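Undergrad: Here it is, the structure, as structure tokens.
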Amino acid sequence: MQGKVVAITGASRGIGAAAARVFAQAGARVALLARSGDDIGRIAAKIGPQALALRCDVADAASLGAALDQAVRWGGRLDVLVNNAGVIDPIARLAEAEAADWGRAIDINLKGVFHGMRAAIPVMKAQGAGTIITVSSGAAHTPLEGWGAYCSAKAGAAMLTRIAHLEEGAWGLRVMGLSPGTVATDMQVRIKASGVNPVSQLDPAVHIPADWPARALLWMCSPDADGWLGQEISLRDAGIRARVGLV
Ligand code: NDP
């Protein structure tokens, strides 16, 4: 990753913050994007001059586009975009969900991924190379009670990965999804507190540390992962864990 420029959305905590540290340790220059300016500022300052904090809302195309523009001006290029920002709320059955809350989850979890791809692909195409990884979920493929907005958005985002590969793979854009399994982050704390559906009943001890998907994201930027272009990689897969070097 030496000399590479990586933008990570949702880098203020959890998987995104862990990924920022892992990519920076590997030598990349890292742009951390999230709404919580203080948090990304603190994390970027700790990483050092090879990190930049850019406050933005992925649900807003102009906000994310401007942040990615700034990242490109800062780094001179954009080699990797990690579409990681996401929210679990609203946790509500279809018959009870508020339309505005439901729409907001789609704006962040699905449209946010489109906004990132829309801004990054032209930059990467002009460079002749680039990698876009979207953090997916088992919920993209399995219905879960109370998670109608989250499951629908993640299913749509998984399709965006396939579409981006179809449209841009021929010239060399590398596009993939990562389904991390359950990860010990604030999102799982919120899920546990809801008491809704079997995921909330899981013993927190089964969740993997955020460092694991972060290391998987780094591995996905290497040619060793090229066999999965256009597809999703699941960190539940023991073969993948071994390949990434996770034990
Ligand atoms: P966290 O809740 O810990 O972090 C979510 C991140 O997304 C925060 O940095 C938050 O920053 C950011 N974010 C949320 N909304 C926006 C927005 N509108 N604009 C910009 N950034 C935003 O969750 P995780 O780290 O667990 O989740 C990261 C990704 O992994 C998500 O896509 C999630 O769906 C996925 N995932 C997580 C699993 C888990 O078990 N934890 C399992 C499967 C998938 P801020 O609030 O500062 O904007």
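Undergrad: Yes or no: Val247 in contact with a helix residue (DSSP H, G or I) (Cβ under 8 Å, 6 or more places away or on another chain), more than 11 Å from the ligand (Cβ to nearest atom) and at pLDDT below 95?
TA: Answer is yes for this residue.
Undergrad: Whether any residue in the range 198-214 is loosely packed, with under 13 Cβ neighbours inside 10 Å, without any contact (Cβ under 8 Å) to a residue 40 or more places away in the chain and more than 28 Å from Pro143 (Cβ to Cβ) is what I want to check.
TA: No: the range 198-214 contains no residue that is loosely packed, with under 13 Cβ neighbours inside 10 Å, without any contact (Cβ under 8 Å) to a residue 40 or more places away in the chain and more than 28 Å from Pro143 (Cβ to Cβ).
Undergrad: Counting just the residues of the range 11-44 that are within 13 Å of the ligand (Cβ to nearest atom) and polar (S, T, N, Q), which one comes out farthest from His207 (Cα to Cα)?
TA: Here the answer is Ser36.
Undergrad: Could I ask something else about it? For residues that are within 15 Å of the ligand (Cβ to nearest atom) and without any contact (Cβ under 8 Å) to a residue 60 or more places away in the chain, scanning just the range 119-142, find the one that is nearest to the chain's Cα centre (by Cα).
TA: So, considering only residues that are within 15 Å of the ligand (Cβ to nearest atom) and without any contact (Cβ under 8 Å) to a residue 60 or more places away in the chain, the one nearest to the chain's Cα centre (by Cα) is Thr134.
Undergrad: While we're here: Could you list all residues from the range 193-244 that are away from the ligand (no atom under 16 Å from the Cβ) and either at pLDDT below 95 or charged (D, E, K, R) (or both)?
TA: Asp224, Asp226, Arg243 - these are the residues of the range 193-244 that are away from the ligand (no atom under 16 Å from the Cβ) and either at pLDDT below 95 or charged (D, E, K, R) (or both).
Undergrad: Filter the range 71-105 for residues that are of a type in the set (A, V, I, L, M, F, W, C) and part of a helix (DSSP H, G or I); which is nearest to Ala31 (Cα to Cα)?
TA: Restricting to residues being of a type in the set (A, V, I, L, M, F, W, C) and part of a helix (DSSP H, G or I), the top hit is Ala71.
Undergrad: Scan the range 128-139 and tell me whether some residue there is part of a helix (DSSP H, G or I) and out of contact with any strand residue (DSSP E or B) (no Cβ under 7 Å at 6 or more places or on another chain).
TA: No - not one qualifying residue is present in the range 128-139.
Undergrad: Okay, moving on. Inside the range 59-104, can you point out the residues that are in contact (Cβ under 8 Å) with a residue 60 or more places away in the chain, of a type in the set (D, E, K, R) and out of contact with any Phe, Trp or Tyr (no Cβ under 9 Å at 6 or more places or on another chain)?
TA: Those that are in contact (Cβ under 8 Å) with a residue 60 or more places away in the chain, of a type in the set (D, E, K, R) and out of contact with any Phe, Trp or Tyr (no Cβ under 9 Å at 6 or more places or on another chain): Arg77, Asp79.
Undergrad: Here are some residues: Arg42, Arg77, Arg35. Which one is surrounded by fewer than 24 Cβ atoms within 10 Å (Cβ to Cβ) and closer than 25 Å to Ile191 by Cβ?
TA: Criteria check complete, one pass: Arg35.
Undergrad: Looking only at residues in the range 63-107 that are of a type in the set (A, V, I, L, M) and more than 19 Å from the chain's Cα centre (by Cα), which one is nearest to the ligand (Cβ to nearest atom)?
TA: Across the range 63-107, the extreme among qualifying residues is Ile91.
Undergrad: Among what's in the range 230-246 and is under 22 Å from Thr142 (Cα atoms) and among the hydrophobic types (A, V, I, L, M, F, W, C), pick the residue that is surrounded by the fewest Cβ atoms within 10 Å (Cβ to Cβ).
TA: Ranking the candidates gives Ala238 first.
Undergrad: Pick from the range 130-178 the residues that are buried (at least 19 other Cβ atoms within 10 Å of the Cβ) and aromatic (Phe, Trp, Tyr): which of them is nearest to Thr9 (Cα to Cα)?
TA: Tyr150
Undergrad: Consider Ala155 carefully, then state whether it is within 21 Å of Lys111 (Cβ to Cβ) and touching a residue at least 12 places away in the same chain (Cβ under 8 Å).
TA: When the stated conditions are applied, Ala155 passes them.
Undergrad: Tell me, yes or no, whether the range 28-51 has at least one residue that is part of a strand (DSSP E or B), of a type in the set (Val, Ile, Thr) and modelled with pLDDT of 95 or more.
TA: Among the residues of the range 28-51, at least one is part of a strand (DSSP E or B), of a type in the set (Val, Ile, Thr) and modelled with pLDDT of 95 or more, which makes the answer yes.
The values are calculated or read from the model by the stated rules, or taken from the named source; none is laboratory data. Every value quoted in this text rests on a predicted model; they were computed, and no experiment measured them. Every residue, glycine as well, gets a Cβ built from its backbone with ideal geometry; the counts of neighbours run over all protein chains shown.
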